[in-house]
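The structure under discussion appears below in the form of structure tokens.
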Amino acid sequence: MITILTILLFGLPVLIHSLKLRLFNEFQFYTLTKAFNKAIIVQIVVAIVLGILAYAIDKTLYAIGQGNMLTSIIVSTAMTYNIIAAFFYIPGIILMNLINWILTKK
């Protein structure tokens with residue numbers, strides 16, 4: 001459940017921006033990079049909201065021992081989402097932008 005939520009939270013903004021930029025009609029690396037750059041704004045907002053929500057749940061519900069399955073899913077999804085974003089997704093986007101910059105520089 002947590003994995004599916006994390007994939008959806010990362011994938012949906014990229015898919016929506018890819019469709020808006022018509023990436024699937026004619027594939028170009030520049031357009032793919034542009035779609036990821038636009039999607040990361042939404043994903044940063046999602047990461048902040050998930051982080052605040054997880055912090056609030058931890059301080060209010062878990063402090064008094066009232067955690068349940070739903071709160072566990074929310075906190076675990078927030079943790080997984082932020083770890084993947086920090087260590088895999090953001091460095092990947094930086095690398096894509098660097099490659100795109102090198103390709104357009106020639």
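The values are calculated or read from the model by the stated rules, or taken from the named source; none is laboratory data. Fair warning: this is a prediction, and the values are worked out from it, not measured in the lab. Counting neighbours? That spans all protein chains shown, and the Cβs are built from the backbone with ideal geometry, glycine included. Calculation scope for accessible area: heavy atoms of the full protein, side chains included, ligands and nucleic acids excluded. Shrake-Rupley method; radii C 1.70, N 1.55, O 1.52, S 1.80 Å.
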State to the nearest 20 debye the size of the charge dipole of the chain about its Cα centre, where the only charges are +1 on K and R beta carbons and -1 on D and E beta carbons. 440
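Provide Lys59, Lys105, Lys38 ordered by accessible surface of protein heavy atoms (probe 1.4 Å), highest first.
Lys105, Lys59, Lys38
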For the range 53-105 and the range 12-41, what is the separation of their Cα centres, given in Å? 21
Pair Val42, Ile64: separation of 7 Å Cα→Cβ label points (nm): 3.6
Taking the Cβ-Cβ separation of Ile73 and Ile16 as r and a Förster radius of 22 Å, what is the calculated FRET efficiency to the nearest 0.05? 0.40
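How compact is the range 3-101 by the rule of thumb for globular proteins, expressed as Cα Rg over 2.2 N^0.38 Å?
Dividing the Cα radius of gyration by 2.2 N^0.38 Å gives 1.28.
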Net charge near Asn100, counting Lys/Arg +1 and Asp/Glu -1 over other residues with Cβ under 13 Å of its Cβ? +3
Solvent-accessible area per residue for the chain (1.4 angstrom probe, square angstrom): 68
The chain: relative contact order in percent, alpha carbon pairs under 8 Å with at least 6 residues between: 34
In Å², nearest 10: area of Met69 left accessible to a 1.4 Å probe: 140
Rounded to the nearest 10 Å², the accessible area of Tyr62 at probe 1.4 Å: 80
Mind checking the full-extension length gain between Ile90 and Asn25? Use 0.36 nm per residue of separation minus the Cα-Cα distance, one decimal, nm. 20.8 nm
With every protein chain in place, what's the accessible area of Leu8 (1.4 Å probe, Å², nearest 10)? 90
Any idea which of Leu61, Val75, Trp101 is furthest toward the positive side of the dipole for the chain, if Lys and Arg beta-carbons carry +1 and Asp and Glu beta-carbons -1? Trp101
